[in-house]
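Asker: Have a look at this one before I ask anything.
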Protein chains: 2
Amino acid sequence: MNDPKPIGLTERQWKVVGTTPLRPDGVDKVTGRAQFGADMHLPNMLIGLVLRSPHAHARIKSIDTSKAQALPGVKAVITSADLCDLPSEFVPAGEMMVNYRDMTRNVMAREKALYEGHAVAAVAAINEAVAAQALTLIDVQYEVLPHVLDVDEAMKPDAPLLHDDMITIGVEPKPKPSNVAKRVEFALGDIAAGFAQADVIVEREFLTRPVHQGYIEPHACVASFSEDGHAELWCTTQGQFIVRSFCAKLLGMELSKLRVTPSEIGGGFGGKTVVYLEPLALALSRKACKPVKMVMSRTEVFRATGPTSGARMRVKIGATRAGRITAGEALLKYQAGAFQGSPVQPGCMCAFAPYDLENVKVVGLDIVCNRPKVAAYRAPGGPIAEFAVESVIDELAKQLKLDPVEFRLKNAAKEGTRAAYGPKFGPIGLVQTLEAARAHPHYRAPLKPNQGRGVASGFWFNVGGDTCATLNLSEDGTVSLVAGTPDIGGSRASLAMMASEELGIAYEKIRPMIGDTSALGFNFLTGGSRVTFSSGMAVVEAARDMVRQLRARAAKIWEVPVDEVTWEEGVARATVGGVPKSLTLADIAKTAGKTGGPIVGSAAINAQGAGPSLATHVVDVEVDVETGKVTVLRYTAIQDAGKAVHPAYVEGQMQGGAVQGIGWALNEEYIYDDKGRLENPGFLDYRVPVCSDVPMIDTVIVEVPNPRHPYGVRGVGETPIVPPMAAIANAVANAIGIRFTELPMSPPRVLEAIDAKQAAQSKAAA
Amino acid sequence: MNDPKPIGLTERQWKVVGTTPLRPDGVDKVTGRAQFGADMHLPNMLIGLVLRSPHAHARIKSIDTSKAQALPGVKAVITSADLCDLPSEFVPAGEMMVNYRDMTRNVMAREKALYEGHAVAAVAAINEAVAAQALTLIDVQYEVLPHVLDVDEAMKPDAPLLHDDMITIGVEPKPKPSNVAKRVEFALGDIAAGFAQADVIVEREFLTRPVHQGYIEPHACVASFSEDGHAELWCTTQGQFIVRSFCAKLLGMELSKLRVTPSEIGGGFGGKTVVYLEPLALALSRKACKPVKMVMSRTEVFRATGPTSGARMRVKIGATRAGRITAGEALLKYQAGAFQGSPVQPGCMCAFAPYDLENVKVVGLDIVCNRPKVAAYRAPGGPIAEFAVESVIDELAKQLKLDPVEFRLKNAAKEGTRAAYGPKFGPIGLVQTLEAARAHPHYRAPLKPNQGRGVASGFWFNVGGDTCATLNLSEDGTVSLVAGTPDIGGSRASLAMMASEELGIAYEKIRPMIGDTSALGFNFLTGGSRVTFSSGMAVVEAARDMVRQLRARAAKIWEVPVDEVTWEEGVARATVGGVPKSLTLADIAKTAGKTGGPIVGSAAINAQGAGPSLATHVVDVEVDVETGKVTVLRYTAIQDAGKAVHPAYVEGQMQGGAVQGIGWALNEEYIYDDKGRLENPGFLDYRVPVCSDVPMIDTVIVEVPNPRHPYGVRGVGETPIVPPMAAIANAVANAIGIRFTELPMSPPRVLEAIDAKQAAQSKAAA
C-alpha cells in the first residue's frame, strides 16, 4: 500500500519539483471569487446565532426557550438536549484521540458553563435581527461559581473544581478530584547523575500566556439537514473528514449520511481542526427543516474558540565547561482551558528534542481552567516548551562563554540520536541549519547600542496518516487531481507539481481540487505539516498507478507485453516489430474509451515515515529604553525542508511562522477582568503583528531529504513558529542585559523591567 | 477491465436486488430542498439573457452591441465572435459523434439565423430588468430569407437552402447543395423477391409532427470563469462530462480547467444531452469576470431547444396468408431542424427490429429545415418509425384476419434473429411480452361502442459506454457511492441496491451521490437507458474491488493467506489455527487506517453488452364522435427489463414513457404561422397530458436476463415510449374504423376524419 520508492536527489534531475509556478487558487483568492466559509448561500436559508455564557463558571439551573421559540420568524431553538451526550473516553478520529463527552459539552454547555462565551443555546431565524432578538428572550438561570484562570491557582487544594469527577491517577498521593487532567513524563538516563557531572547549571521559571491562532476568516458554515436523516455541511475547516466524524457523532448520524464540503480557508493554523458552529448548525437545520448559516463574530472567535495554552514552566539544564550538556529537566504546566487536552504532551516531547542528551526528564501537566478549551496552534505545545528550553540554553552558553550556535552544535541531535520521547532519529537537518546560521552574513553583521542578536533552534515532528488522492485523466490528456486535504499553504501547487513530475506532463495540464467527503476515502486533516508529505505521497502513488495503466493501454494498442513499454517524460515507448513506436499521454487519453474505459489513478494510504523538521532562527532587535518597545530589525529563518517542492511556498511558511512567533513574543495576550471576562476580544486590543511590525523575513532552505518520501519531503509548516519567542528573548537579553522569562515582552512589561533594573543599579550605586 | 461474471437468476437468491426501497433523493425532492439548475446562487452573480431571432431564416448583416454595452449595469455582451468557430467534422464525445461547427452555430447564430428563437447575442447584467433592457438596445440587421418547415418542401429543387455548402453524396444524381444532410440505408435479403411471395401487401404514408421532451425544469446554469482561465459550471444536465466536452471546445479550454457540477434534474428525456445556455454563460462570465446565471423561460425552451423530429414516412409490408411476413420496406424522412442530426438512423434501425424478417429495406433521410435543431427524445427516432411500422402491421393482421398479437408472435424476433441493421440478437424478450399481453385480463375485457383496443410492440437498443464509480468506505462501515451519471429515474437507488447486494450490507448504509467532473473519470451521459446497466456494472466492479481489499485486510489481521478468507453477506471468515474467525465490514472499516489506510473500491470501465429491451402495449380508447376527443380508458405496458433491480422505478419508467406517448399520439404538436414563427410556445397551448388525461397505467415486467450484466439488467427507460402512438392509432381504428396515419390524433383532426367518413358514407348511400 505504502512503499514509495525513494528517489535520491542525486539519482535524477527533476523538471518541476523545486520550481515555483503560480498557485492554481491564487487568482480566485486575490479577485474575491474564491468561496470562503461565509460565502455559501442556499435558498430559504436561515441565520443561526449562539447565546453565550456571561459567566466564567456557572451552574446552569434552567434554560427557558419558550419566549424565543414564540417569536415570529424563529424556526428553531436548541440547547445541549439537541446534541448527543457521550461517554468520557478517548476514541480515535484519524490520528487524533477525541473525548466526545467533552466535545459535546464544549460545543454546547450542559451542566455548567465553563468559560465566558461558552455556548448555552442557539437559535435559527429568518434573519440575523430576528435571531439576535430571540437570543435576548432565552431565559437562562445560572448559579455563578468561583472561577480559576491560572494553572498554579487551579492546582491549589481549595481551587474551584471545573469537573467534579475528574480524577487523575498519579497526580495526587491518593486519587481525588482535581483540575489536573493528565500527567505525562518522558525520561532518559539518570538526571541526578547528569546534573552531578555538570560544571554549570541554569534553572529558570517561565510564564507564557495563551495566544490565538488569529486566522482572519472567522468560523462559518451552512448546514442543510433533510427530513430523511441525511445532511450536507459546508464549512471552513482544516479537515472535512474530521468534521464529518465529529458532527456525525454529536448528531447521532452515520458517517455516510453526512457530506461535508470544505470551503476555501482563510487561515486555520490548527484552530480549524475542531468544531464549534458546525454541530449547532446541523442541529438547528434538523429542527427547522431548512438550511442554516452560522458565522462567528470576531468577539465570538476570541471568547469561544481555542487559543493555545498559556503555561508555567521550570527548566533546568547543566553542562560541562567543555560545553557538553549533561542533563536537562523540565516541568511544564499547560492550560487546557475548560476541558482536558492541552498540547503538553507534544510540548514535553519537543522540549529537548533538538539535543543529543543522555539524561533527560520532562514532566507535563494538563490543567483545566475557566478559559476556552485550547485548540491546536502550529506545532502545538512546541513553541511554549522551546521558549523555556532555548532561553536556558542561551543563558548557559553565555555562562560558558560559548557562542550560542557553537554550543548548540556541540549538543545537536543528528541521525542516530535517541530522543527522550523514544525514537532514534533518521537523517535530520539541525546541524545543517546551525552551520547555515553561523555562515550567514546576518550572523556577523554589526549591531548598535540597545540592539541585540538572538538565536534559537526548534523542532517539530510532522505527521503522516490516512490519505487518499485521485487523478482523473480527461479525454484531452489534461488531468483533474482530487485531494482530500484543504489547501492552506499552497498544497494544490505542490501536489500538482509532484503529479506533473511523475506523469511527465506540464504543471498547467493538471488541475488540482479539494474533494468533499463523498469524493474520496478518509483523509486525516490538514495539520501536523502533513499535506505535502502525505497527500504528496498519495498523489505520487496515484500517478504511478496511472502510468501503469497508460503503459498497459499502449501495450494493448501495440499488441506487445506491457513489460516492453517504457514510460518517460509523458511518453510510452516500445519497439514493435523492430520499429520504435511512441504514444504521448494525450494520445492514449484520446482513445481510452476504446482501449478499456476511462483512466483513473488512485491511492488510499496510511502515510508513514514523516520526518522531523528542525530550524534555527537568527533575529536582531532594538529595544527603545524610553518606551519599552522592541523592534525586530532583521530576521533570518533557516530550516530543513527535506525537499522544498515549491520553494516559494516553503519560504512563505517559514516567514508566516516567524511573524506569528514575533506576535507571540512581543504583544499577543488575553486580558481578563476579575470576573474571568475577556477584556480584549478584538484585533484592536489583541495585537497581532501588522506589516509595519516586521522586517522582511529572510529565509534559508536546507534540504536533508526524508528517505521515507519519494521526493524527500518532510513538511515545513509548523517548525518555523517554534524558535521565534526564545530567539527574540535571547536577542532582548543581548540588547539590554535583561532576561525575560515571561511573554509577551510587551512595551509596559519591558519598560517595567528596565525601570526595575535601573532602580536596582541606582540602589547598588547608592 | 470489463468482464463481470454473470450471475444467473437461478444461481443465487438476491436479498436487495428486486426489492423496492425508498429513493435516497426522494425526501429532498418532495420538500423542495433539492437544488435544481436554477437554485444555485453565487455572490456577485450577474443575470444573463439571450437575444433571439424573430425570423425563421435570415442572414445576419450586422450586430451593433455598443448601446447595450453602454447601459449602466450591463457587464458583458457577447455574440458568436465570443465562441470558437470550429471545422465541420464529426468527432467523438463519449459514444456520440459531434459536429462542433454546427454546435457553435446552434448555440449562437453566426452567418444566419436558422429558426425563430435562434440565439444571436447575449448580455449579462446586474439584474434581469437591466439585462432585458439591454437586449432591446442590441441592433441586429437581418436580411430575411424564405424559410422551409416541411421535409418534402425542403427537398424540392427550388427550396430555400439552409446551408449553401451542404452537399450530400448519394442523394442527388450529381452532388449539389441541398437540405438533405444524410441518407442511410439498412437492408437484408431481397425486397422484390419478398414482396413477390406476399399474399397481402399494405403500404401507407405517415406524417408525424415534432414533439418536445416537455421537461418541467427549463434549462438553467451558473457559470463562474476565473481570470486565470479555469471555470466552474453548475447546470441541469443529463451528462456533466459531455457538457464539459462541449463547453471546453466552444470556449477553447482544456477539459481539466472546467469543472461541471450537475444539479438535480427536473426531467430531461434526452433534451438535456446538449448545451444551449452553458457556453453562453461561460463566455459572459469570462468577459464580465463575475459569475453569470442563466435560466430559460418556457417560451425559450419551446422556441430554441430541441424537440424530436417530425417526419414523413412510407411503409410497405407484405405477408403470406399463413401470417408470415415476407418483406418490409420503409422510407423515413426526418426533420433535423436547423442543423443535421435527426435520429433517422436509429429510427431506421428500430423500424423492423421487433421482427424476424428475411427481406427488409429501410432508407432514411436527414433533412434540415427552419426549426430548432432536434435533440434526443427518449428512444430517439424509434417511436416515429414504429408508429408507421406497427400501424401497417396492425392493418395487415386485420386483412389476414389474424389476432394482432398472434400475427406478431408468428414474426417476432428472438434470440438468434439477425436484425436488418446487422447484429444477431442475444436473448430478448419480445415473445414473452406478447404472450404476457395475450394472457392479460385486459386483452379479453369487453368493449362498448366507439371503444377500441389496440396493441403495438416496440424496440430499443440501449447502450453502455464509458463509466466510473467509486465506493468510499467510512470509518463506521457505511459507504459513500459516487457515480458520474445524473439520476433521472431513480438510479441512486438501483446503484446503491447493487452495491448493497455485493457488499452484503444494508441498503441504508450506502449513500449514493452524483459526482462532478473532477470526482471521477469520464462518464458518458445519462441516456440510452444506460445508467442502471453501465453505472450498475461499474458499481458492481467497484464493490468487488472493495471486497478484495476487505478480504486482504482480514487476511493481514489474521496473518493468513488472502485465499483462505471468504466474503459472504458482509462478513470475512477464515479458520485461523483451527478456530473459525469472522470480521464484519464495519469491523474492518474501523481499523482500516492501521491495516494499510482507507479502503476505496473503484472502477473505470467501458461497459459493453447492453441488451435490447422490447415491449408490447395494450390500450383501450373511446372516441367521442361528437367532439373528436379520444379518451384512453385502460393501458397496460408490458416490457422485458432483463432484471428489474428496483421494480417500482422500472414501472415508473414504463408508465412515464406510456404517458408521454399518449401526449404524442393525441395532442402534442408545434403550430407555426406562415412566417415560420411558433404560435404555441407554452404549456397552455402545447398540450402535454395532465393527470386527468390518463388512466392508471398498468405494468407487467418481464425478466429475460441480459447475460452480459452481473444482475441481468437491460435498461428500461426508452422502450416504453416506442409503442404508444401505434397502439393508440390501432385502438382508434378498432373503435371507429378510421385509420389515422397522421399525428396527433387531436380532437379537430379526429372530428374532421369522422365528418369526412360520414360524408363519404352518406355519398355512397345516396
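Asker: Using alpha carbons only, what's the Rg to Rh ratio of region A:348-401 with Rh from Kirkwood?
Answerer: Looking at region A:348-401, the ratio lands at 1.06.
Asker: What value in Å³ per residue do you get for the convex hull of the alpha-carbon atoms in region A:598-639?
Answerer: It is 183 Å³ per residue.
Asker: Separate question: Using DSSP, restrict attention to beta bridges with both residues in region A:465-607 and report what percent are antiparallel, rounded to the nearest 5.
Answerer: 80 percent
Asker: If the cut-off is 19 Å between C-alpha atoms, which aspartates and glutamates fall inside it for A:LYS287, apart from same-chain ones fewer than 8 positions away?
Answerer: Once the sequence-local aspartates and glutamates are set aside, what remains near A:LYS287 is A:ASP64, A:ASP82, A:ASP85, A:GLU128, A:GLU227, A:ASP228, A:GLU232, A:GLU254, A:GLU278, B:ASP28.
Asker: Can you work out the FRET efficiency for the pair A:ASP563 and B:TRP14, with r the C-beta to C-beta distance and R0 = 45 Å, to the nearest 0.05?
Answerer: 0.65
Asker: For region A:465-607, what size does the Cα cloud have along each of its three principal axes, sorted from largest down, in whole Å?
Answerer: Taking the Cα atoms of region A:465-607, the three principal extents are 53, 25, 24 Å.
Asker: Report the convex hull volume per residue for region A:713-766, counting only C-alpha atoms, in Å³. Spell out each step's value before the answer.
Answerer: On the way: hull volume 4.3 nm³, N = 54.
It is 80 Å³ per residue.
Asker: So, for region A:465-607, what is the accessible surface per residue at a probe of 1.4 Å, expressed in square angstrom?
Answerer: 29 Å²
Asker: Further question on the same structure: Assuming R0 = 41 Å, what is the FRET efficiency of B:CYS691 and A:ILE216, from their Cβ-Cβ distance, to the nearest 0.05?
Answerer: Efficiency, rounded to the nearest 0.05: 0.15.
Asker: Same structure, new question: Quick check: with the 1.4 Å probe, what order do B:HIS442, B:HIS147 take by accessible area, largest first? All intermediate terms of the calculation are to be shown ahead of the outcome.
Answerer: Values: B:HIS442 0, B:HIS147 55 Å².
Largest accessible area first, the residues go B:HIS147, B:HIS442.
Asker: Per Stokes-Einstein, at 10 °C and 1.306 mPa s, what whole-number D in µm² s⁻¹ belongs to region B:534-657, with the Kirkwood radius over Cα pairs as the hydrodynamic radius? Working shown, then result.
Answerer: On the way: Rh = 19.0 Å.
Estimated diffusion coefficient is 84 µm²/s.
Asker: What percent do you get for the relative contact order of region B:465-607 when only Cα pairs under 8 Å and 6+ apart count? List each step's numbers first, then the result.
Answerer: On the way: 279 pairs, mean separation 50.9, N = 143.
Dividing the mean separation by the residue count of region B:465-607 yields 36 percent.
Asker: Below 8 Å, C-alpha to C-alpha, sequence gap of six or more: please give me the relative contact order for chain B in percent.
Answerer: 16 percent
Asker: Could you give me the ³J(HN,Hα) list for region A:217-224, computed from phi with Karplus coefficients 6.51, -1.76, 1.60 and θ = phi - 60°, whole Hz, x at Gly and Pro?
Answerer: In residue order, the calculated couplings are 7, x, 4, 7, 7, 10, 10, 9 Hz.
Asker: Determine the principal axes of the Cα atoms in region A:432-482, then give the extent along each, sorted from largest to smallest and rounded to whole angstroms.
Answerer: So the three principal-axis extents are 66, 28, 22 Å.
Asker: Leaving out ligands, DNA and RNA, what percent of the accessible area of region B:465-607 is carbon and sulfur, probe 1.4 Å?
Answerer: On the way: 2100 of 4120 Å².
Roughly 51 percent, rounded to a whole number.
Asker: Give me the accessible area buried between chains A and B, both sides summed, with a 1.4 Å probe, in Å² rounded to the nearest 100.
Answerer: Heavy-atom accessible area buried at this interface is about 4600 Å².
Asker: A further question on this structure: Which GluC sites (Glu not before Pro) in region A:543-619 pass both tests, a DSSP loop state and at most 13 other beta-carbon atoms within 10 Å?
Answerer: Qualifying residues, ordered by number: A:GLU559, A:GLU569.
Asker: What number comes out for accessible area per residue over region B:611-766 if the probe is 1.4 Å? Units Å², please.
Answerer: 35 Å²
Asker: Can I ask one more? For the pair A:GLU153 and A:ALA70, how long in nm is the line joining their label points, each one 7 Å along Cα→Cβ?
Answerer: So the label points at A:GLU153 and A:ALA70 sit 4.1 nm apart.
Asker: While we're looking at this one, here's another question. When only the heavy atoms of the protein chains count and the probe is 1.4 Å, how do A:GLU111, B:GLU406 rank by accessible area, highest first?
Answerer: A:GLU111, B:GLU406
Asker: Another one. So the label point goes 7 Å from the Cα of B:LEU22 along Cα→C-beta, right? Which residues of region B:481-509 then have their backbone N under 13 Å from it?
Answerer: Correct set: B:508.
Asker: Excluding residues fewer than 8 places away in the same chain, name every one of the lysines whose C-alpha is closer than 23 Å to that of B:LYS112.
Answerer: Here the lysines satisfying the reach criterion relative to B:LYS112 are B:LYS61, B:LYS67, B:LYS156, B:LYS176, B:LYS182, B:LYS249, B:LYS373, B:LYS675.
Asker: Can you run the Rg to Rh ratio on the protein assembly as shown? Use alpha carbon positions and the Kirkwood inverse-distance Rh.
Answerer: 1.04
Asker: Further question: Sticking with the crude label model, points 7 Å out along Cα→Cβ, report the distance from B:ILE738 to B:ARG418 in nm, one decimal please.
Answerer: 4.4 nm
Asker: Which order do the peptides A:279-292, B:422-435 take when ranked by the mean count of other beta-carbon atoms within 10 Å per residue, highest first?
Answerer: A:279-292, B:422-435
Asker: Also, I was wondering about something else. Taking only the alpha-carbon positions of chain A and ignoring solvent, what does the Debye formula give for the base-10 log of I(q)/I(0) at q = 0.05, 0.11 Å⁻¹?
Answerer: -0.27, -1.21
Asker: Of all DSSP beta bridges in chain B, what percent run antiparallel (nearest 5)?
Answerer: Here the share of antiparallel DSSP bridges comes out near 80 percent.
Asker: Further question on the same structure: How much length is gained if the chain between B:CYS289 and B:ILE126 is pulled fully straight, taking 0.36 nm per residue apart and subtracting their Cα-Cα distance, in nm to one decimal?
Answerer: Working it through step by step, the gained length comes to 57.4 nm.
Asker: Continuing with the same structure: Based on alpha-carbon atoms only, what is the radius of gyration of region A:235-340 relative to the globular estimate 2.2 N^0.38 Å?
Answerer: The value comes to 1.61.
Asker: Another question about this same structure. What are the DSSP H helices in chain B that stretch 27 Å or more along their long axis, judged by alpha-carbon atoms, and whose average Kyte-Doolittle hydropathy comes to at least 0.0?
Answerer: Going by DSSP H runs, the hits are B:536-558, B:647-666.
Asker: How far apart, in nm, are two points set 7 Å out from the Cα along the Cα-to-Cβ line at B:ASP587 and at B:THR320?
Answerer: If labels sit at B:ASP587 and B:THR320, their model points lie 6.8 nm apart.
Asker: Where in region A:94-113 is the amide nitrogen less than 20 Å from a point lying 7 Å along the Cα-to-Cβ axis of A:ASP165?
Answerer: What the label zone holds, given the 20 Å backbone N cut-off, is A:98-113.
Asker: On the protein heavy atoms, probe 1.4 angstrom, tell me the percent of accessible surface of region A:266-400 carried by carbon and sulfur.
Answerer: Here it works out to 50 percent.
The values are calculated or read from the model by the stated rules, or taken from the named source; none is laboratory data. As the structure is a prediction and not an experimental result, all values here were calculated from the model. A quick note on method: Cβ atoms are made from the backbone with ideal geometry, for glycine too, and the neighbour counts reach across all protein chains shown. For the accessible areas, the whole protein counts, side chains as well, though only heavy atoms, and no ligand, DNA or RNA atoms are used. Shrake-Rupley method; radii C 1.70, N 1.55, O 1.52, S 1.80 Å.
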